[in-house]
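Structure, as structure tokens:
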Amino acid sequence: MTKWIDITQTLTNDMAHWPGDRPFTYEVAATKEQTGSANVGKITTSVHMGTHVDSPFHFDNDGITMEQIPIETYIGKAKVIDVSSYHTITPEVLRDYNLEDVERLLLHTSLPNNPKRFPEEIPLLDPSIAAYLASKGILLLGIDMPSVDPITSKSLDTHHALYKHGIHILENLMLDNVSPGLYELIALPLRIAGADGSPVRAVIRPIKGDMANA
């Protein structure tokens, strides 16, 4: 049986976080000795720590929240493509890849996977890719960066463009050691009522016979 590949950032107390955002912490809040029966852990975190999804409410007050997004969005066939030779990803770049019958697209960019260092700059996703991806029937865009927009962006143009075209967002994937090709994807968010995002456990499994022509 083909093994699943974990493409999730491990949540650790020393991982990087957005400047000004709440860092991730885990602690044993009550020990087995204290409770008499079990260790009980406690976490504090932003919902945008590590590998996570955004709901439209993250950047639009009228946008839907996590529990309103169909769970099928995050389960199914996905294609990984390598765009690491480009600093700016545009529709012209994406036209070089076969995206027919692809509903979930995962981009391996030039940003090295390093959860303990928050990048000052990341490759750029031109907002115009949203219309192109929608024309191909894509409903989920995953990236190995902390955002689909520049780190300093306040307008979040690519977030808004993707939402306008019905494309959901999955960020901070670990793709450095993943080969281009077709995979099964499971990236389930927590069912948090009213939430603007959620951490996920993202895993992929190669689809036999479909790992070429990426």
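Pick out, from the range 1-83, the strands (runs of 3 or more DSSP E) lying fully within it that include 2 or more residues that are charged (D, E, K, R) and surrounded by 12 or more Cβ atoms within 10 Å (Cβ to Cβ).
Details: elements: 25-30, 40-44, 52-54, 75-82.
Of the strands (runs of 3 or more DSSP E) lying wholly inside the range 1-83, those with at least 2 residues that are charged (D, E, K, R) and surrounded by 12 or more Cβ atoms within 10 Å (Cβ to Cβ) span 75-82.
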Every listed condition ((1) surrounded by fewer than 15 Cβ atoms within 10 Å (Cβ to Cβ); (2) over 19 Å from His48 (Cα atoms)) holds for Lys154 save (2)
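Is there a residue in the range 158-174 that is within 18 Å of Phe57 (Cβ to Cβ), of a type in the set (Lys, Arg) and either at pLDDT below 95 or not in a loop (DSSP other than H, G, I, E, B) (or both)?
From the range 158-174, those within 18 Å of Phe57 (Cβ to Cβ) are 158-171; that's our starting set.
Now drop any that are not of a type in the set (Lys, Arg), which leaves 164.
Imposing the further condition that a residue be either at pLDDT below 95 or not in a loop (DSSP other than H, G, I, E, B) (or both) reduces the set to 164.
Yes - at least one qualifying residue is present in the range 158-174.
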When restricted to Ser147, Ser179, the only residue of a type in the set (Gly, Ala, Ser), farther than 24 Å from Gln68 by Cβ and touching a strand residue (DSSP E or B) at 6+ places or on another chain (Cβ under 9 Å) is Ser179
Within the range 37-74, residues being under 22 Å from Leu105 (Cα atoms), polar (S, T, N, Q) and over 17 Å from the mean Cα position of the chain (by Cα) number 1
Taking the range 66-108 and the residues there that are without any contact (Cβ under 8 Å) to a residue 60 or more places away in the chain and among the hydroxyl-bearing types (Ser, Thr, Tyr), the one that is nearest to Ala131 (Cα to Cα) would be Thr90
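The values are calculated or read from the model by the stated rules, or taken from the named source; none is laboratory data. Quick caveat, the model's predicted, so the values are computed rather than measured. Using ideal geometry, Cβ is built from the backbone for each residue, glycine included, and neighbour counts are taken over all protein chains shown.
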